[in-house]
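Asks: Before I ask anything, let me first share the structure, which is written out below as C-alpha coordinates.
The values are calculated or read from the model by the stated rules, or taken from the named source; none is laboratory data. Keep in mind it's a predicted model, so treat the numbers as computed, not measured. So basically every Cβ, Gly included, is an ideal-geometry build from the backbone, and we count neighbours across all protein chains shown. Ligands, DNA and RNA are stripped out before the accessible areas are found, and what is left, the full protein with its side chains, is counted by its heavy atoms. Shrake-Rupley method; radii C 1.70, N 1.55, O 1.52, S 1.80 Å.
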Amino acid sequence: MIKLLMFDLDGTLADTLPSIQHAMEISMGHFGFKIPTPKETAAALGSGARELLRRLVPADVANDDERIDEFVAYYNET
(Lines give C-alpha, C1' and ligand atoms only; values in the text may rest on other atoms or scores of the structure.)
Protein backbone atom coordinates (compact mmCIF):
# COMPACT_ATOMS: atom_id res chain seq x y z
CA MET A 1 0.00 0.00 0.00
CA ILE A 2 1.29 3.47 -0.90
CA LYS A 3 1.35 5.66 2.20
CA LEU A 4 2.93 8.76 0.76
CA LEU A 5 3.10 10.24 -2.70
CA MET A 6 5.14 13.38 -3.35
CA PHE A 7 5.41 15.57 -6.41
CA ASP A 8 7.99 18.20 -7.21
CA LEU A 9 5.78 20.57 -9.16
CA ASP A 10 8.17 23.49 -9.45
CA GLY A 11 9.22 23.82 -13.06
CA THR A 12 7.69 20.50 -14.06
CA LEU A 13 3.94 20.80 -13.74
CA ALA A 14 3.77 24.39 -12.52
CA ASP A 15 5.62 27.38 -13.93
CA THR A 16 6.57 29.22 -10.75
CA LEU A 17 9.26 31.42 -12.27
CA PRO A 18 6.93 34.45 -12.55
CA SER A 19 6.15 34.27 -8.81
CA ILE A 20 9.79 33.77 -7.88
CA GLN A 21 10.80 36.64 -10.17
CA HIS A 22 8.18 38.94 -8.63
CA ALA A 23 9.38 38.17 -5.09
CA MET A 24 12.98 38.67 -6.24
CA GLU A 25 12.16 42.06 -7.77
CA ILE A 26 10.50 43.23 -4.56
CA SER A 27 13.33 41.93 -2.36
CA MET A 28 16.21 43.15 -4.49
CA GLY A 29 14.56 46.56 -4.84
CA HIS A 30 14.02 46.78 -1.07
CA PHE A 31 17.72 46.26 -0.43
CA GLY A 32 18.83 48.45 -3.34
CA PHE A 33 20.38 45.62 -5.35
CA LYS A 34 20.27 45.21 -9.12
CA ILE A 35 17.10 43.41 -10.12
CA PRO A 36 17.96 40.26 -12.05
CA THR A 37 16.31 39.43 -15.33
CA PRO A 38 13.98 36.42 -15.44
CA LYS A 39 16.74 34.60 -17.35
CA GLU A 40 19.27 35.34 -14.57
CA THR A 41 16.79 34.21 -11.92
CA ALA A 42 16.01 31.00 -13.80
CA ALA A 43 19.73 30.23 -14.15
CA ALA A 44 20.22 30.63 -10.38
CA LEU A 45 17.39 28.26 -9.40
CA GLY A 46 17.81 24.72 -8.18
CA SER A 47 19.27 24.76 -4.68
CA GLY A 48 16.62 26.48 -2.58
CA ALA A 49 15.85 30.09 -1.77
CA ARG A 50 18.98 30.77 0.26
CA GLU A 51 21.30 29.73 -2.56
CA LEU A 52 19.14 31.52 -5.12
CA LEU A 53 19.56 34.76 -3.19
CA ARG A 54 23.25 34.16 -2.55
CA ARG A 55 23.80 33.68 -6.27
CA LEU A 56 22.01 36.90 -7.24
CA VAL A 57 23.14 39.44 -4.65
CA PRO A 58 26.43 41.34 -4.97
CA ALA A 59 29.54 39.30 -4.08
CA ASP A 60 30.28 41.27 -0.90
CA VAL A 61 26.79 40.44 0.40
CA ALA A 62 26.84 36.81 -0.75
CA ASN A 63 29.64 36.04 1.70
CA ASP A 64 28.05 37.86 4.64
CA ASP A 65 25.85 35.30 6.44
CA GLU A 66 24.19 37.92 8.62
CA ARG A 67 23.08 39.98 5.63
CA ILE A 68 21.98 36.85 3.77
CA ASP A 69 19.88 35.86 6.79
CA GLU A 70 18.22 39.29 6.72
CA PHE A 71 17.64 39.04 2.97
CA VAL A 72 16.21 35.50 3.20
CA ALA A 73 13.81 36.57 5.95
CA TYR A 74 12.57 39.48 3.85
CA TYR A 75 12.33 37.37 0.68
CA ASN A 76 10.31 34.70 2.51
CA GLU A 77 7.81 37.35 3.63
CA THR A 78 7.15 38.58 0.06
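Asks: Determine the dipole magnitude for the chain: charges of +1 sit on the beta-carbon of Lys and Arg, -1 on that of Asp and Glu, nothing else is charged, the reference point is the Cα centre, and the result goes in debye to the nearest 20.
Replies: In debye, rounded to 20, the chain gives about 240.
Asks: Using 18 Å as the cut-off for backbone N distance, which residues of the range 58-78 belong to the label zone defined by a point 7 Å from the Cα of Glu25 along Cα→Cβ?
Replies: 75-78
Asks: May I ask you to give the average projected area over all directions of the convex hull of the Cα atoms of the chain, in nm² rounded to one decimal?
Replies: 6.3
Asks: Also, quick follow-up: Leaving ligands, DNA and RNA out of it, rank Thr16, Thr41, Thr78 by accessible area with a 1.4 Å probe, largest first.
Replies: Output order, biggest surface exposure first: Thr78, Thr16, Thr41.
Asks: Write out the trypsin sites (Lys or Arg not before Pro) in the chain meeting two conditions: DSSP loop, and at most 12 other Cβ atoms within 10 Å of their Cβ.
Replies: Lys3, Lys34
Asks: Mind listing which chymotrypsin sites (Phe, Trp or Tyr not before Pro) in the chain are in a DSSP loop and have 14 or fewer other Cβ atoms within 10 Å?
Replies: Phe7
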